[in-house]
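First up is the structure itself, then whatever we jot down about it.
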Amino acid sequence: MRKFSILVAAVLVLAGCSAEPEVAATDLWVKSSESSLAGGMTAVYGTLTNNTSADIVLTGGKTDAAGVTEVHEMAMINGQMKMQEIDGGLTIPAGQSIELEPGGNHLMLMQLTADLLAGDEISVTFSFTGAADLLVDGIVAKPAEGGDEEYHSTEMDMDN
Amino acid sequence: MVTRRGFLGTGAAAAASGLVGVAAGAGATNASASQNLETFVAKRELSFHGEHQMGIEADLQAVTNFIALDIKPGTNKASMLRFMSLITDDIQRLTRGEPVLADPAPELAIGAARFSAYVGFGPSLFSKLGLQAMQPEGFHELPAFKVDKLQEQFSGGDVLIHVAADDPIVLAHGTRGLVRDSMPFASVRYVQSGFAHTPGMVPAGITHRNLMGQVDGTANPKFGTKDFDSVVWIDEGPTWIQGGTLLTFRRIAMQLDTWDQLGTPSKEEVIGRKLSNGAPLTGDNESDTPDLAARHPNGLTVIPDFAHIRRAAPAKDGERIFRRPFSYDAGISSSGSVDVGLLWTAYQRNMDEQFIPIQKRLDELDLLNSWTVPIGSAEFAVAGGVESGEVIAEALFS
């Protein structure tokens with residue numbers, strides 16, 4: 001936790017003394033649940049803000065915590081809410097914020113490399129079109145209820 | 001529907017809200033002053049960071065929950081540290097009136113309302129985790145007292161999160177967030193809910209009146225004094241407890257049906273203080289020092305031998321505690337008897353030298369025992385405070 005805060009502070013200091021970051025990430029968290037064990041899956045949530053005057057597209061990410069990282073949306077398919085990868089990524093309009101939240105858009109982590117327990121912290125690099133990669137450290141795993149349908153993989157969705 | 005505000009107009013409404021004396025003629029100013037008066041509770045924040053955890057050296061808030069948890073099998077030091085890192089972050093956000101991270105209902109974070117929370121650990125936690133060597137001096141399960149009629153459902157606990165706020169919605173929502181983040185590590189043993197006065201009901205610093213009618217907490221050390229530090233805050237022993245304190249938590253049931261049969265003079269003799277203003281029977285003001293030697297012309301002591309304040313008075317230097325009692329109201333029976341009492345707390349450096357000798361004297365003789373029955377009891381060692389970036393009790397679980 002101490003390490004986490006120092007890292008966040010460093011990010012803030014950089015943000016303060018240079019120009020605003022192109023994309024700012026705030027209140028990021030990752031869900032800890034029975035599904036977030038090694039080999040399983042989870043998702044990253046929080047707010048991404050586009051500080052530039054042009055649209056930026058979130059295309060995916062990288063993390064040591066997972067084998068596969070994809071930008072997902074919840075969509076109504078044949079009358080049921082299903083999760084699917086967003087074709088072409090998620091647009092963050094110029095000067096605006098998007099919310100990644102349970103039941104909505106999220107950064108899906110699959111093939112977790114280790115058990116992700118409540119209170120653990122991971123690092124994630126967000127990839128964009130129109131902005132440089134953004135590394136965020138100290139994303140804390142929070143116990144959260146509901147939204148298990150989000151964890152159905154594309155294959156399982158096709159089976160349904 | 002015509003609201004009172006709409007009907008009276010802005011200036012009149014401000015006056016009706018109690019803002020008499022605000023300069024007339026500036027309708028907009030009055031309206032905003034009225035708004036400020038209505039929401040002043042929401043805006044008041046208590047400070048989270050510092051040498052001590054919050055919510056102890058502070059005026060009573062309106063409502064409170066004592067949340068006792070028992071750790072799950074398999075919970076170890078490493079998971080306790082993860083547990084505490086989540087709770088530390090949650091408390092920090094709640095004290096600012098913000099939603100916790102991953103709050104499923106962030107719209108309920110409507111204001112700080114002097115939200116406070118601190119964390120303590122029961123003797124059972126130290127034995128479960130093999131941390132007896134880190135247990136503070138003078139901290140252990142209390143001995144049995146004759147007056148006790150303890151119930152398991154109100155007693156014990158491995159971990160205590162004591163939360164309080166000036167608003168019941170803020171309290172309920174904060175409690176839910178803290179409990180949600182505790183569930184990977186522990187289960188709820190009990191939640192005991194209580195209350196004190198609503199903000200604005202009595203001036204700050206005025207002693208709370210309990211449901212027996214007594215002014216309760218008079219001889220407490222004053223906030224911000226060396227006296228308070230010397231009674232409450234620990235400054236030696238293992239690092240994690242430095243800046244912390246020891247809490248004795250008792251659920252004390254009041255027998256109001258029989259208490260109310262006493263007349264005012266009898267009620268006052270039981271305590272040794274006047275009901276009207278809490279002054280000792282030998283004085284005029286609450287702050288007057290009781291004269292335990294004073295006698296009536298007939299030779300009887302003015303403050304009787306059985307009086308609570310005589311029995312509770314320190315037998316030697318340092319034999320004092322800081323009390324911060326909330327009331328509870330657990331309902332009314334079909335025959336009209338109220339189930340009320342105190343969520344009574346004593347904060348101290350060393351239970352062997354402070355609470356226990358006092359309670360032993362009260363256990364031997366205190367007429368008040370006839371109407372007050374301890375039905376719950378627990379002890380918690382409250383970790384020291386944290387600075388930004390630190391985790392509560394980090395040094396205990398690292």
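Worth a mention:
- Furthest towards positive pole of dipole, A:Leu135, B:Gly376, B:Val163, structure part the protein assembly as shown, Cβ charges: B:Gly376
- Peptides B:269-280, A:43-54 ranked from most to least packed, by the mean per-residue count of other Cβ atoms within 10 Å: B:269-280, A:43-54.
- Helical mean residue ellipticity (222 nm; -39500 (n - 2.57) per DSSP H run of 4+; nearest 500) of the protein assembly as shown: -6500 deg cm²/dmol
- Here the Gaussian network model covers chain B, with springs between Cα atoms less than 10 Å apart; of B:Thr225, B:Thr64, B:Thr345, B:Thr225 fluctuates the most.
- Centre-to-centre separation between the Cα atoms of the range A:46-104 and those of the range B:113-158: 47 Å.
- Candidates B:Ala307, B:Ala102, B:Ala381, ranked by Gaussian network fluctuation over chain B, Cα under 10 Å, top entry: B:Ala102
- With θ taken as phi - 60° and the Karplus curve 6.51 cos²θ - 1.76 cosθ + 1.60 applied, the whole-hertz 3J(HN,Hα) list for the range B:106-115 is x, 5, 7, 7, 9, x, 6, 6, 6, 4 Hz, x standing for glycine and proline.
- Residues with amide H under 5 Å from that of A:Gly89, placed H, sequence gap 5 or more: none
- Shielding value for B:76-86 is 3, the average number of Cβ atoms from other chains within 10 Å of each residue's Cβ.
- Subset of B:Lys77/B:Lys128; A:Lys62/A:Lys142; B:Lys226/B:Lys274; B:Lys146/B:Lys267 violating a 18 Å alpha-carbon distance limit: A:Lys62/A:Lys142; B:Lys226/B:Lys274; B:Lys146/B:Lys267
- Dipole magnitude (debye, nearest 20) for the protein assembly as shown, charges at Cβ of Lys, Arg, Asp, Glu: 2020
- Relative contact order [Cα under 8 Å, 6+ residues apart], chain B, whole percent: 24
- Dipole magnitude for chain B: about 600 debye, using +1 per Lys or Arg Cβ and -1 per Asp or Glu Cβ, origin at the Cα centre.
- Sorted largest first, extent of the range A:22-159 alpha carbons per principal axis (Å): 40, 37, 23
- Of the residues B:Ala378, B:Ala330, B:Ala117, the one that moves most in a GNM of chain B with alpha-carbon contacts below 10 Å is B:Ala330.
- For A:Ser32, nonlocal amide neighbours, meaning residues 5 or more places apart or on other chains whose placed amide H falls under 5 Å from its own, are A:Lys142, A:Ala144.
- Amide H partners (placed H, <5 Å) of B:His208, local residues excluded: B:Asp216
- Cβ neighbours within 10 Å from other chains - mean over A:116-124: 4
- Cross-link partners of B:Lys43 among aspartates and glutamates (Cα-Cα below 17 Å; sequence separation of 8 or more within a chain): B:Asp59, B:Glu98, B:Glu107, B:Asp166, B:Asp167
- Computed over the range B:315-373, the ratio Rg/Rh where both radii use C-alpha atoms and Rh is Kirkwood: 1.09
- In terms of surrounding Cβ atoms within a 10 Å radius of their Cβ, A:Ser123, A:Ser32, B:Ser327 rank from fewest to most as A:Ser123, B:Ser327, A:Ser32.
Read-outs throughout are calculated quantities, based only on the coordinates presented, and are distinct from any laboratory measurement. On a predicted model such as this, the values are computed, not experimentally measured, just so you know. In this analysis, Cβ positions are derived from the backbone assuming ideal geometry, glycine residues included, and neighbour counts consider all displayed protein chains.
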